[in-house]
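Read through the structure below, which is laid out as structure tokens, and then see the notes.
The values are calculated or read from the model by the stated rules, or taken from the named source; none is laboratory data. Just so it is clear, the structure is predicted and the values come from calculations on it, not from any experiment. Please note: Cβ atoms are built from the backbone with ideal geometry, for glycine as well, and neighbour counts cover all protein chains shown.
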Amino acid sequence: MEPTAARPNTALAPLATAWLALVALTLLSLGLGHWFHGAAWLQVLVAAIVWIKGSLVARRFIEAELAPPFIRNVLRGFIAFTPLALLLTAFYGQQLARWATL
């Protein structure tokens with residue numbers, strides 16, 4: 001017996017749940033930025049939220065688990081690069097700006 005091929009999900013409930021989670025994370029980000037403006041640990045929390053949101057979009061909307069391994073790994077790398085770039089800019093912004101100037 002041959003294994004069945006994975007097929008895209010056509011149910012709306014997982015998409016609606018993922019969308020609500022994205023809205024909640026966005027509102028959480030706005031609230032954290034307003035309440036804890038200037039806190040040193042806030043950049044780490046925002047980077048974690050960006051990573052969670054990217055992973056959620058990749059899993060639920062792009063359905064990365066159905067993509068070929070190369071595409072899936074490129075997507076994972078992009079999702080990991082964005083929060084890392086945010087953290088590097090937050091903590092080493094002056095050095096990065098000096099390195100990037102001509």
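When 54, 77, 31 are checked against the criterion of being more than 30 Å from residue 8 (Cα to Cα) and small (Gly, Ala, Ser), 31 stands alone in meeting it.
Right, residue 46: surrounded by 15 or more Cβ atoms within 10 Å (Cβ to Cβ) and under 30 Å from residue 8 (Cα atoms) or not? Give the derivation first.
Details: surrounded by 15 or more Cβ atoms within 10 Å (Cβ to Cβ): yes; under 30 Å from residue 8 (Cα atoms): no.
No; evaluated as a whole, the condition is false for this residue.
Among the criteria (1) within 30 Å of residue 7 (Cα to Cα); (2) in a helix (DSSP H, G or I); (3) within 14 Å of the chain's Cα centre (by Cα), the one residue 70 does not fulfil is (3).
Only one of 67, 13, 58, 48 is farther than 28 Å from residue 100 by Cα, touching a residue at least 12 places away in the same chain (Cβ under 8 Å) and of a type in the set (A, V, I, L, M, F, W, C); which? Steps first, please.
Working: 67 fails: touching a residue at least 12 places away in the same chain (Cβ under 8 Å); 13 fails: touching a residue at least 12 places away in the same chain (Cβ under 8 Å); 48 fails: farther than 28 Å from residue 100 by Cα.
It is 58.
Here is a yes/no grid of residues against (1) of a type outside the set (D, E, K, R); (2) under 19 Å from residue 84 (Cα atoms); (3) at pLDDT 90 or above:
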| residue | (1), (2), (3) |
| --- | --- |
| 11 | yes, no, no |
| 29 | yes, yes, yes |
| 40 | yes, yes, no |
| 58 | yes, yes, yes |
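Out of 86, 42, which single residue is out of contact with any Pro (no Cβ under 7 Å at 6 or more places or on another chain) and without any contact (Cβ under 8 Å) to a residue 24 or more places away in the chain? Give the steps one after another, and end with the answer.
Values: 86 fails: without any contact (Cβ under 8 Å) to a residue 24 or more places away in the chain.
Within the list 86, 42, the selection yields 42.
For the stretch 45-79, the tally of residues that are of a type in the set (Val, Ile, Thr) and farther than 30 Å from residue 35 by Cβ stands at 3. Of the residues making up the stretch 18-55, those that are within 12 Å of the chain's Cα centre (by Cα) and polar (S, T, N, Q) are 26, 55.
All told, residue 9 meets the bar of being over 13 Å from the mean Cα position of the chain (by Cα) and either basic (Lys, Arg) or outside any helix (DSSP H, G or I) (or both). Looking at the structure I just gave you, is residue 52 touching a Phe, Trp or Tyr at 6+ places or on another chain (Cβ under 7 Å), hydrophobic (A, V, I, L, M, F, W, C), under 30 Å from residue 6 (Cα atoms) and part of a helix (DSSP H, G or I)? Here the answer is no, as residue 52 does not meet what is asked.
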